[in-house]
C-alpha cells in the first residue's frame with residue numbers, strides 16, 4: 001500500500017484469499033490515477049479498514065469468514081452512506097447480485113473479468129455511476145419476471161442441497177413429510193426444473209442458496 005495523491009482514486013480490497021488481493025494490486029499498480037490504500041481479509045476487518053483509510057472505492061468479496069460481504073456492505077453503508085462499494089465475486093447469480101445492490105453496493109463484478117473490467121469499473125463508480133456486467137444485468141431482468149422462492153422453500157432447498165431426505169427435512173423444520181413434498185413440487189415449478197439435483201444446481205448458480 002502507498003500514500004495517495006489528492007488526485008488519485010483510493011481503493012481498498014477485501015477478500016480472504018491473499019492471492020486474489022495480490023492479483024488486484026498487480027492490476028492497479030500501473031495506473032497513475034488509482035492507488036491501493038488498504039487490504040482486509042474479512043468483513044469485520046473491512047469495516048475497521050474503511051474507518052481508517054476512507055477509500056473512494058471498495059472492492060468487496062461476498063463469501064468470507066467472521067463477517068460476509070453483504071453484512072460488511074450494510075455495516076459500512078449505515079455508517080458511511082456515500083461509500084462506493086463494488087462486489088468482486090465468483091458468483092454471477094441474479095439473486096445474489098440483487099441482494100448486494102439492495103445492501104448498497106454500486107457495482108457487481110465477476111472475478112474472472114478482473115483484468116478486462118476492473119479499472120473501468122473503479123473509474124465509473126468513482127464518478128458516481130453504477131456498474132453491472134451485461135450478463136448479470138440481463139439475469140436480473142429475467143429473474144425479476146419470475147416468481148421467487150418463499151423463505152420456507154429456500155430453507156427446504158438449502159437442506160436438500162446438504163443431502164437431506166424429505167423425511168429429514170420435515171424433522172428439521174418441524175413439518176410433515178407431505179408438506180415438504182408440496183414445497184419441493186413448488187420449487188421445481190418455480191425454477192423450471194424436473195428434479196431436486198437440477199434445482200440445487202440452478203439455485204446455487206443464481207445465489208438463492210449456498211453450497
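All of the numbers you see were taken from the coordinates with simple rules; none came from a lab. Keep in mind the model is a prediction, meaning the values are calculated, not measured. Note: ideal-geometry Cβ built from the backbone for every residue, glycine included; neighbour counts use all protein chains shown.
Descriptive notes on the structure:
- Estimated from helical segments only, the mean residue ellipticity of the chain at 222 nm is -16500 deg cm²/dmol, where each DSSP H run of four or more residues counts as -39500 (n - 2.57).
- Between segment 141-208 and segment 67-104, the C-alpha centres lie 25 angstrom from each other.
- Packing-based ranking of 169-178, 44-53, 92-101 yields 92-101, 44-53, 169-178, ordered from highest to lowest mean Cβ neighbour count within 10 Å.
- Neighbour-count ranking [beta-carbon atoms within 10 angstrom, fewest first] of 7, 113: 7, 113
- GNM result for the chain, Cα springs below 10 Å: residue of 104, 128, 68 fluctuating most strongly: 128
- Reported value for segment 151-206: 67 Å³ per residue, from the convex hull of its C-alpha atoms.
- Candidates 71, 79, 39: whichever shows maximal mean-square fluctuation once the chain is modelled as a Gaussian network with Cα springs under 10 Å: 79
- Take 147-153, 10-16, 32-38 and order them by the average number of nearby Cβ atoms within 10 Å per residue, most first; the result is 10-16, 32-38, 147-153.
- Crossing angle, helix 151-161 versus the chain [Cα axis fit, 0-90 degrees, rounded to tens]: 90 degrees
- Value of relative contact order over the chain, rounded to a whole percent, pairs C-alpha under 8 Å and six or more apart: 16 percent
- Gaussian network model of the chain, Cα within-10 Å springs - most flexible of 87, 119, 136: 119
- Across segment 151-206, C-alpha contacts under 8 Å between residues 6 or more apart give a mean separation that, scaled by the residue count, equals a relative contact order of 34 percent.
- A viscosity of 1.567 mPa s and a temperature of 4 °C, combined with the Kirkwood radius over C-alpha pairs in the Stokes-Einstein formula, give the chain a diffusion coefficient of 70 µm²/s.
- Tilt relative to the chain, helix 196-206 - C-alpha long axis, 0 to 90 degrees, to 10: 20 degrees
- Contact order, relative form, for segment 42-83: 48 percent (alpha carbon pairs under 8 Å, 6 or more residues apart, mean separation divided by residue count).
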